[in-house]
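In what follows, a structure is listed as structure tokens, so that the remarks can point back to it.
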Amino acid sequence: MISTGLARFFVVAMVAVSLTDFSPGVARGQSALELPNIFSDHMVLQRDQPNRVWGHAAADEKIVASFAEQNHETTADAEGNWSLTLDPVAAGGPFQLKIRGGEAGGREVVIDDVLVGEVWICSGQSNMEWPVAAANDADLEQLTANHPQIRMINFPNVGTQQPVWSHANSNWMVCTPENVSQFSAVGYFFGRQLHQTLNVPVGLVNNSWGGSACEAWVDRSLLDGDDRFAGMSQRWADAEAKLAELEALTTRSEEQEKQLNQMRGQMGGNQRPGNLYNGILKSHLGYGIRGAIWYQGESNAGRAWQYRELFPLMISSWRKEWGQGDFPFYWVQLADFKQESAGPQDSDWAELREAQTMTLDRLENCGQAVIIDVGEGKDIHPKNKVDVGRRLARIALARDYGISVAWQSPRFESLEVAGGKAVLKFRHADAGWRPFDVGNPVGFTVAGEDKVFHSASAKFLDDGRVEVWSDAVSAPVAVRYAWADNPVCNMYSKSGLPLTPFRTDDWPGVTANKQ
């Protein structure tokens, strides 16, 4: 019998997926002249930078690429792999990309209606995957989604330990009311803001998968053998051993057959380390981009402490393998969710938000969109995706395009204690505060040496600092703000960006020992 722990583990590990809709390397014809599906009609190439193009052909075949008055040549290797790099091109189009084979008979692949502009990866789990058709005012949004210079591509949900080279039936689309309905709402609203502000083509690559774990997006070789992820790796090793044990049986009971089929399916799901790195990301990893936006973390909340290491590792590994340096990587901090709490609460979601914020200080060229005000307690998928996309767009417009817009949510900077009260100083709040609904700050708790938190009163000081106190705590040691699954809080900068949830203590949290 499968253990109770493993059974619970497999329930979390998602349902089976079919692997018949993609083209792994072992299935392709080695003599065919072909490119992976990221290269298709209506595609967008990243402006003002070299762009890599790759594909397969006959062994040692000469390959010639023509694009925007450029011609480039290369030769396929002994296995038929080839790659070349296009020179930088300014925003514009449409162009035609033509790939011709040489000695193998003058074969040709022609890609039409190619634009050059800004290309962004849109990745993560269900809140990134959530389509325009299910977002607020979907009918109105679709009516106005006539943007011929916005192009979109959806990648299928494929989980496997073997790298996938290309995906069938996944091609670039022109943004129309019909096509936008099943595209990422966050991605679309982000891209639409960029397009309307910059007046250049925008390409959006949606490879998100609902319910996916962060570790599934990471090359497994980076996780196995790393002590920081030992427990997680061991769980999967045990599961794989159990699967092998069941497969080795010459005869199986009905219950064993059921277990075998179940395990085979969840091994192809979106939780297994490396599955989405190989099954989705690998097929277009290296395509020319400006950066990536990311909305994920819900599936890792129970191991939030581990996310402190896992999330930066994922970002760094993508950047290293993409070959474009430390490209911009901007994420959405988890929204408020579950039962609303006005008082102190231990919270794995709060700890996951903290892990996300900590990544800002560990890696260069990162940004975080705080949406503690956008969630819905009853629904893990808040329908307000416009504000999410816009807050991500603010970061990109300010950091990458030199547009003067507010983009940084205020963050805690320092704590002083005087006269039984805690005084907090913040970064990115120079313009002052605009609390929502009521005039005083709401959402603070305070604790003394006993580490017991109590609801706190707060007020603004003339210099922008915030004074926090509780009659139940005579000597404050630590302060927390919006530290709950679904906190009651109201702090905004005058620019309209919410204060980043925080705590001033570093006491071990509820996920500290979770692997």
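The values are calculated or read from the model by the stated rules, or taken from the named source; none is laboratory data. For clarity, every value in this text was computed on a predicted model and none was experimentally measured. Every residue, glycine among them, receives a Cβ derived from its backbone with ideal geometry; neighbour counts consider all protein chains shown. What goes into the accessible areas is simple: the full protein's heavy atoms, side chains included, and nothing from ligands, DNA or RNA. Shrake-Rupley method; radii C 1.70, N 1.55, O 1.52, S 1.80 Å.
Here are some notes:
- When only alpha carbons are used to place a centre, the range 136-214 and the range 278-302 end up 14 Å from one another.
- Of the GluC sites (Glu not before Pro) found in the range 36-128, those in coil by DSSP whose Cβ has at most 14 other Cβ atoms within 10 Å are GLU69, GLU79, GLU103.
- Under 20 Å from the GLU376 label point (7 Å along Cα→beta-carbon), backbone N, the range 481-505: 485-489
- Taking every DSSP helix (H) stretch of at least 4 residues in the chain, weighting each as -39,500 (n - 2.57) and dividing the sum by the residue count yields a mean residue ellipticity at 222 nm of -7000 deg cm²/dmol.
- ³J(HN,Hα) computed for each position of the range 475-483 - Karplus, 6.51 cos²θ - 1.76 cosθ + 1.60, integer Hz, glycine/proline x: 10, x, 10, 9, 10, 10, 9, 6, 9
- Rounded to 10°, Cα long-axis angle of helix 185-198 versus longest principal axis of the chain: 80 degrees
- Overall, the accessible surface of the chain at a probe of 1.4 angstrom is composed of carbon and sulfur to the extent of 47 percent.
- Taking the longest Cα principal axis of the chain as reference, the axis of helix 386-401 is set at about 70 degrees.
- Close amide H pairs (under 5 Å, H built 1.01 Å from N) link PHE502 with TYR481, residues at least 5 positions away or on another chain.
- Most to least packed among 392-402, 84-94 [average Cβ atoms within 10 Å]: 392-402, 84-94
- Summarising the amide proton neighbourhood of PHE337: residues at separation of 5 or more, or on other chains, whose placed amide H is nearer than 5 Å comprise ASN486.
- Positive-end ranking of SER495, TYR287, PHE229 along the dipole of the chain, with charges on Cβ about the Cα centre, is headed by SER495.
- Backbone N within the range 226-250 under 15 Å of label point (7 Å from GLN515 Cα along the Cβ vector): 226-239
- Rolling a 1.4 Å probe over the protein heavy atoms gives the chain an accessible area of 41 Å² per residue.
- 3J(HN,Hα) along the range 344-360, derived from phi through the Karplus expression 6.51 cos²θ - 1.76 cosθ + 1.60 where θ = phi - 60°, amounts to x, 7, 6, 8, 5, 5, 5, 5, 5, 4, 4, 4, 5, 5, 4, 5, 4 Hz, with x in place of Gly and Pro.
- Cut-off under 5 Å, modelled amide H: who pairs with TRP209 long-range: GLY124, GLN125
- Per-residue ³J(HN,Hα) for the range 500-515, Karplus 6.51 cos²θ - 1.76 cosθ + 1.60, θ = phi - 60°, Hz, x for Gly and Pro: 5, x, 7, 9, 8, 8, 10, 5, x, x, 6, 10, 4, 10, 8, 10
- For the range 28-82 and the range 455-515, distance of Cα centres in Å: 53 Å
- Helix axis angle, 304-322 relative to the chain longest principal axis, alpha carbon, degrees: 30 degrees
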